[in-house]
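Have a look at the structure below, then the notes.
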Amino acid sequence: VQLQASGGGLVQAGGSLRLSCTASGRTISSYGWFRQAMGKEREFVAVISWSASTNYADSVKGRFTISRDNAKNTVYLQMNSLKPEDTAVYYCAAQRITSTLYGYWGQGTQVTVSS
């Protein structure tokens, strides 16, 4: 399975970005988004199951929305009301094993939020 993430970039605080991640090679049951800021450990952002059940980190609830298009094998992360502390490399992951362990990981896309 290969995961290709895109959509990162530079945005001002309060702005929005949408990340996409497309999987190739097999049908994916669950996707997750994680992020890692410079000098910090990777942290969970959001997860979505095959049936579109979702869960979010407290820090992004109400601002980020994870969704998926099963026909396209693609997961999205809509990020609104972005804050400078959201600046990080964002990684998509597929096939959840545990809350932090996934079978496959994408290459990461940089999101930078300026104040």
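What number of residues in region 46-82 are among the aliphatic types (A, V, I, L, M) and part of a helix (DSSP H, G or I)?
Final tally of qualifying residues: 1.
Kindly list, by first and then second residue, each pair from a residue in region 92-115 that is under 15 Å from ALA5 (Cβ atoms) to a residue that is loosely packed, with under 12 Cβ neighbours inside 10 Å, limited to pairs with Cβ atoms under 7 Å and residues at least 6 apart or on different chains.
none
When region 82-114 is examined, which residues are found to be modelled with pLDDT under 95, open to solvent by 80 Å² or more (accessible area, probe 1.4 Å) and touching a strand residue (DSSP E or B) at 6+ places or on another chain (Cβ under 8 Å)?
The answer is ARG96, ILE97, THR100, GLN107.
Please identify the pairs in which a residue from region 62-78 that is within 13 Å of ALA5 (Cα to Cα) and open to solvent by less than 50 Å² (accessible area, probe 1.4 Å) has its Cβ atom under 6 Å from the Cβ atom of a residue that is in a strand (DSSP E or B) and of a type in the set (A, V, I, L, M), counting only partners at least 6 apart or on another chain.
Short answer, once both residue conditions are applied: ASN73/ALA23; LEU77/LEU19; LEU77/ILE66.
The values are calculated or read from the model by the stated rules, or taken from the named source; none is laboratory data. Keep in mind that what you see is a predicted model, and the values were worked out from it rather than measured. We place every Cβ from the backbone using ideal geometry, glycine too, and count neighbours over all the protein chains shown. Just so you know, the surface numbers come from the protein's heavy atoms only, side chains and all, with ligands and any DNA or RNA stripped out. Shrake-Rupley method; radii C 1.70, N 1.55, O 1.52, S 1.80 Å.
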